[in-house]
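The values are calculated or read from the model by the stated rules, or taken from the named source; none is laboratory data. On a predicted model such as this, the values are computed, not experimentally measured, just so you know. Counting neighbours? That spans all protein chains shown, and the Cβs are built from the backbone with ideal geometry, glycine included. What goes into the accessible areas is simple: the full protein's heavy atoms, side chains included, and nothing from ligands, DNA or RNA. Shrake-Rupley method; radii C 1.70, N 1.55, O 1.52, S 1.80 Å.
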Amino acid sequence: MSKPIVAIVGRPNVGKSTLFNRIGKKRVSIVEDMPGVTRDRIYMDAEWLGHEFTMIDTGGIELETNDTMLNAIRHQAKLAIDEADVILFIVDGKTGMTNSDEEVANILRNTRKPVLLAVNKVDTIKDNHDIYEFYNLGLGDPIPVSAANILNLGDLLDAVVEQLPKEGEAAEESDEIKVAVIGRPNVGKSSLVNALIGEERVIVSDVAGTTRDAIDTHFVTDGTKFVLIDTAGMRRKSKIEMPVERYSVIRSLRAVDRADVVLMVIDAVEGVTEQDKKIAGYAHEAGKASVIVVNKWDLLEKDSKTSLRFTENIRSELGFMQYSPVLFTSALTKQRVGRLTELIKFVAEQHNMRVSTSILNQIISDATAINPPPAAHGKRLKIYFTTQPDVKPPTFILFVNEPEAMHFSYLRFLENKLRESFGFEGTPLKLVVRGKKEKDE
């Protein structure tokens with residue numbers, strides 16, 4: 001069943017992200033004591049007393065401002081409210097009720113959705129008198145909490161669960177392909193996501209580091225469900241100056257861990273950089289299916305061999321990702337963007353491919369007949385049996401007589417034979433060597 005959605009909203013710096021993190025019991029949203037840090041919606045699955053739901057942390061709602069970014073944050077918060085089944089409105093008990101709180105309350109009263117009013121920063125029982133003025137917002141009984149001190153969160157979550165749609169009201173959902181969009185800052189990741197889904201679900205700005213949190217965007221194409229995870233642009237450690245960006249990098253790497261498929265976005269103008277290699281290397285080592293997306297292709301002056309030369313350069317610089325298809329796109333003109341979903345679906349299927357044991361062993365047997373295994377310390381390597389215990393990535397265990405005799409070059413030879421036979425395009429393969437005595441066969 002699809003999970004109900006709970007949106008956390010409120011003006012800036014009332015403790016929304018801190019509360020979000022306490023409920024999630026992990027650092028899911030960035031907490032920094034300055035306005036405008038949480039710039040996009042953040043999705044997180046949560047659970048309380050057996051009830052599962054998805055929480056959305058939003059940017060603070062500033063209603064009267066000429067700031068372009070704050071207006072964009074307000075738009076994102078309203079989108080989250082539109083998606084929510086329950087709205088958790090957070091106010092600041094220490095600051096007291098403000099005009100902004102009243103204006104946000106006016107918006108929420110018109111949503112016709114359950115709204116829970118939580119007064120944060122009520123750090124002791126003695127501070128409970130600070131909540132009474134919030135009755136004036138007309139949103140029912142205020143619930144005093146302290147996200148920082150983990151006070152009264154149980155009562156708050158009890159109230160949330162009570163307002164969730166009853167089981168059976170939510171539609172059943174099929175499997176989704178999780179796609180992480182990764183790369184350096186300003187390579188056009190957010191613009192690519194927007195072009196792909198046709199809706200401005202991600203704030204786009206030409207300021208590096210705009211997308212500071214990884215956010216999830218759900219969409220369906222030709223009956224296939226996708227989850228797009230747009231991540232913060234990863235920078236070299238020496239370039240990380242603000243404390244908040246350290247968490248952005250961690251989140252970007254974790255976004256890769258959550259994904260089935262990674263879109264590695266490279267700037268066509270700058271080409272492959274050292275930082276691109278590090279980012280792509282993490283995705284490869286994590287065993288994720290991948291597509292290399294060369295964005296801003298419209299900015300290059302091209303001839304008939306430009307794409308061929310660029311592809312050769314990518315194969316040279318990212319030698320460990322020879323298996324990844326390369327697609328040249330322009331998020332601005334939407335050139336070839338329409339081919340992305342088909343390519344994502346294809347590499348996801350390759351990532352999840354399973355080979356029958358009998359056919360697998362026949363391929364390995366043929367390969368060893370063509371190119372016999374090497375010898376080490378006077379003993380020739382024998383491969384007794386091969387099996388595939390897992391997918392995502394496809395994993396193969398080779399049982400041999402002398403594991404130390406297996407040279408990495410021969411493993412690469414076997415990997416190439418598997419790819420020649422079955423494809424496995426867009427996915428790394430994991431080959432594991434284990435010892436097995438002949439008498440154990």
Hey, ILE359 part of a helix (DSSP H, G or I), at pLDDT 95 or above, open to solvent by less than 70 Å² (accessible area, probe 1.4 Å) and not aromatic (Phe, Trp, Tyr) or not: no
The range 366-383, residues that are buried (at least 16 other Cβ atoms within 10 Å of the Cβ) and in contact with an Asp or Glu (Cβ under 7 Å, 6 or more places away or on another chain): LEU381
Restricting the range 114-131 to residues that are open to solvent by 30 Å² or more (accessible area, probe 1.4 Å) and at pLDDT below 90, the residue that is farthest from GLN163 (Cα to Cα): LYS126
Failed item in (1) part of a strand (DSSP E or B); (2) touching a helix residue (DSSP H, G or I) at 6+ places or on another chain (Cβ under 6 Å), with PHE396 passing the rest: (2)
Total residues in the range 320-338, condition in contact with a strand residue (DSSP E or B) (Cβ under 9 Å, 6 or more places away or on another chain) and more than 14 Å from VAL294 (Cβ to Cβ): 1
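Residues are listed down the side, and each one gets a yes or a no for (1) within 16 Å of GLY15 (Cβ to Cβ); (2) surrounded by 14 or more Cβ atoms within 10 Å (Cβ to Cβ); (3) modelled with pLDDT of 80 or more; (4) touching a Cys at 6+ places or on another chain (Cβ under 7 Å):
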{"residue": "GLY59", "(1), (2), (3), (4)": "yes, yes, no, no"}
{"residue": "LEU63", "(1), (2), (3), (4)": "no, yes, no, no"}
{"residue": "MET69", "(1), (2), (3), (4)": "no, yes, no, no"}
{"residue": "ILE73", "(1), (2), (3), (4)": "no, yes, no, no"}
{"residue": "LEU79", "(1), (2), (3), (4)": "no, yes, no, no"}
{"residue": "VAL86", "(1), (2), (3), (4)": "no, yes, yes, no"}
{"residue": "ASP92", "(1), (2), (3), (4)": "yes, yes, yes, no"}
{"residue": "GLY96", "(1), (2), (3), (4)": "yes, no, yes, no"}
Scan of the range 265-276 for residues that are at pLDDT 90 or above and closer than 15 Å to VAL326 by Cβ, ordered by number: VAL265, ILE266, ASP267, ALA268, GLY271, VAL272
Matching entry among ARG380, ARG412, ARG419 (being charged (D, E, K, R) and in contact (Cβ under 8 Å) with a residue 60 or more places away in the chain): ARG419
Filter pass, ILE364 being in a helix (DSSP H, G or I) and at negative phi: yes
Qualifying residue in the range 313-321 (condition: closer than 17 Å to ALA180 by Cα and either in contact (Cβ under 8 Å) with a residue 60 or more places away in the chain or surrounded by 13 or more Cβ atoms within 10 Å (Cβ to Cβ) (or both)): yes
